[in-house]
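Got a structure here, written out as structure tokens. Questions coming.
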Amino acid sequence: MSNVVVHGFEVSPNVRAARITLIEKGVDYHFNEIGFDYLATDEYAQINPFRKMPVLQQGDFILYETPAILSYVDEAFEGLSLQSTEPQARAQMRKWIGIAANYLYPVGVMQLFLQRIMSPIMGSVTDEAVVAQSAKITSQHLDVLEHELTSSFLVGDVLSLADIITGSMVYYINMTKEGTALVKARPKTAAWLDTLSQRTSFQQTLAGLLERKVQA
């Protein structure tokens, strides 16, 4: 078994981004899937006192916070570089990591995706008011993405951590009927997401819980 372990719930886009990064780097790793109830345990608090996910563990080395995990994996292992060495490009990459965490995740994922996709799966009733409001805000967020996309990837002409984390969020947004319409209305965003979706790393990390939703 690999000494690199990722702890997390497979549906989480942050967990998925960590796994995508490891696959893109060609790193052999073990995925330890945990449920949300495990986050509250004292055992989990020993590896993440904030009780969030993912957590990356490599022997005695433990790391939490998604941006830190993604950067560490890229810098600690050989393989395709996922961060530019050019200062402005690197800054742009970090900007998109921030956009994913501060805008796309709390609204597009935790409101729109959660209500439209996860609530029915979990047997809850979708709050249509939250869906409508979050779709409106997400539309503005995707406008920024559409405006700034100038090539097949977010920063330059190669895959970077910016694409991985932002793509993990937009992938879930696109799973909702509202998000699908928003993405289709933005051709550069649609092409970018399609390019990412065809990558082995994205296909291998799609949660089994969501596969039927994608096929539908």
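Looking at the structure I just gave you, is ILE69 touching a strand residue (DSSP E or B) at 6+ places or on another chain (Cβ under 6 Å) and assigned to a helix (DSSP H, G or I)?
yes
Report whether or not ILE62 is assigned to a helix (DSSP H, G or I) and either surrounded by fewer than 15 Cβ atoms within 10 Å (Cβ to Cβ) or under 14 Å from the mean Cα position of the chain (by Cα) (or both).
no
Consider ALA89 carefully, then state whether it is assigned to a helix (DSSP H, G or I), touching a residue at least 60 places away in the same chain (Cβ under 8 Å) and under 14 Å from the mean Cα position of the chain (by Cα).
No; evaluated as a whole, the condition is false for this residue.
Tell me the residue from GLU43, GLU75, GLU65 that is farther than 22 Å from ALA101 by Cβ and out of contact with any Asp or Glu (no Cβ under 9 Å at 6 or more places or on another chain), please.
The match here is GLU43.
Let me ask something else about it. Scan region 192-202 for residues that are loosely packed, with under 13 Cβ neighbours inside 10 Å, without any contact (Cβ under 8 Å) to a residue 40 or more places away in the chain and either hydroxyl-bearing (Ser, Thr, Tyr) or in a helix (DSSP H, G or I) (or both) and jot them down.
Listed by number, the list holds a single entry, ASP194.
Another question about this same structure. Any idea which of (1) in contact (Cβ under 8 Å) with a residue 40 or more places away in the chain; (2) farther than 15 Å from LEU210 by Cβ is the one THR126 doesn't satisfy?
Every condition holds for THR126 apart from (1).
Of all residues in region 3-56, which are part of a helix (DSSP H, G or I), out of contact with any strand residue (DSSP E or B) (no Cβ under 8 Å at 6 or more places or on another chain), among the aliphatic types (A, V, I, L, M) and open to solvent by less than 30 Å² (accessible area, probe 1.4 Å)?
Of everything in region 3-56, those that are part of a helix (DSSP H, G or I), out of contact with any strand residue (DSSP E or B) (no Cβ under 8 Å at 6 or more places or on another chain), among the aliphatic types (A, V, I, L, M) and open to solvent by less than 30 Å² (accessible area, probe 1.4 Å) turn out to be ALA17, ILE20, LEU39, ALA45.
Rundown of residues vs (1) among the aliphatic types (A, V, I, L, M); (2) within 19 Å of ARG19 (Cα to Cα); (3) buried (at least 24 other Cβ atoms within 10 Å of the Cβ), yes/no style:
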residue: SER134; (1), (2), (3): no, no, yes
residue: ILE137; (1), (2), (3): yes, no, no
residue: GLU146; (1), (2), (3): no, no, no
residue: THR150; (1), (2), (3): no, no, no
residue: GLY156; (1), (2), (3): no, no, no
residue: ILE164; (1), (2), (3): yes, yes, yes
residue: GLY167; (1), (2), (3): no, yes, yes
residue: VAL170; (1), (2), (3): yes, yes, yes
residue: ARG186; (1), (2), (3): no, no, no
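Out of GLN115, GLN83, report the one residue that is touching a residue at least 24 places away in the same chain (Cβ under 8 Å) and polar (S, T, N, Q). Talk me through it step by step, then tell me what you get.
Values: GLN115 fails: touching a residue at least 24 places away in the same chain (Cβ under 8 Å).
Going through GLN115, GLN83 in turn, just one is touching a residue at least 24 places away in the same chain (Cβ under 8 Å) and polar (S, T, N, Q): GLN83.
Could I ask something else about it? Which residues, taken from region 85-130, are open to solvent by less than 60 Å² (accessible area, probe 1.4 Å) and of a type in the set (Val, Ile, Thr)?
ILE97, ILE99, VAL107, VAL109, ILE117, ILE121, THR126, VAL130
Something else now. Is there a residue in region 53-63 that is in contact (Cβ under 8 Å) with a residue 60 or more places away in the chain and over 17 Å from ARG16 (Cα atoms)? Steps first, please.
Residues of region 53-63 that are in contact (Cβ under 8 Å) with a residue 60 or more places away in the chain, as a first pass: none.
Among the residues of region 53-63, not one is in contact (Cβ under 8 Å) with a residue 60 or more places away in the chain and over 17 Å from ARG16 (Cα atoms), which makes the answer no.
The values are calculated or read from the model by the stated rules, or taken from the named source; none is laboratory data. Keep in mind that what you see is a predicted model, and the values were worked out from it rather than measured. Cβ atoms come from the backbone with ideal geometry, glycine included; neighbour counts cover every protein chain shown. SASA here: full protein model, heavy atoms, side chains in, ligands and nucleic acids out. Shrake-Rupley method; radii C 1.70, N 1.55, O 1.52, S 1.80 Å.
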